[in-house]
Amino acid sequence: MTFENSAHATAEFDALEQSLAREGAVRRKMMGRPMLALGGKMFACLDRVDMLAVKLGRDSEWHARALAIPGAEVFRPGQTEREFKDWVAIPEDQSAEWERFAVAALEHVR
């Protein structure tokens, strides 16, 4: 299964991939979604609703900061009822925030 993302969300994710490749991030696909991993551990993915989901750890300061962004929410892959409580999904209209939270997520899994 694959998902279509907007051209803007895809371009922003591609830019993240390029930036974080210097830190060892590798692009993969999981459940049809483009994702970034470090050492085999997924830390960011582009959801089908054009949200960047990042793994920050549910009790971390970064998690709380991400949830404070307008429109951000605990990640539910494909908008299912199942929550990934260590993850926060940040909407496309807040993509200016994506890189700093992706870097924090990379550091979290490192």
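Things to note:
- Elements of type strands (runs of 3 or more DSSP E) contained in region 1-67, each with 3 or more residues being under 13 Å from E92 (Cα atoms) and modelled with pLDDT of 90 or more: 51-55
- Identity of the residue in region 1-32, open to solvent by 90 Å² or more (accessible area, probe 1.4 Å) and among the aliphatic types (A, V, I, L, M), that ends up farthest from A105 (Cα to Cα): M1
- Against the numbered list (1) open to solvent by less than 80 Å² (accessible area, probe 1.4 Å); (2) of a type outside the set (S, T, Y); (3) at pLDDT 95 or above, E99 comes up short only at (1).
- Extreme residue, nearest to A96 (Cα to Cα), among residues of region 49-77 that are open to solvent by 70 Å² or more (accessible area, probe 1.4 Å) and out of contact with any strand residue (DSSP E or B) (no Cβ under 7 Å at 6 or more places or on another chain): P70
- Yes/no for E81 being of a type outside the set (A, V, I, L, M, F, W, C), in a helix (DSSP H, G or I) and open to solvent by 40 Å² or more (accessible area, probe 1.4 Å): no
The values are calculated or read from the model by the stated rules, or taken from the named source; none is laboratory data. Being a predicted model, the structure only gives us computed values, none of them experimental. Cβ coordinates were reconstructed from backbone atoms using ideal geometry, including for glycine residues, and neighbour counts include every protein chain displayed. The area values use the complete protein model at the heavy-atom level, side chains included, leaving out ligands, DNA and RNA. Shrake-Rupley method; radii C 1.70, N 1.55, O 1.52, S 1.80 Å.
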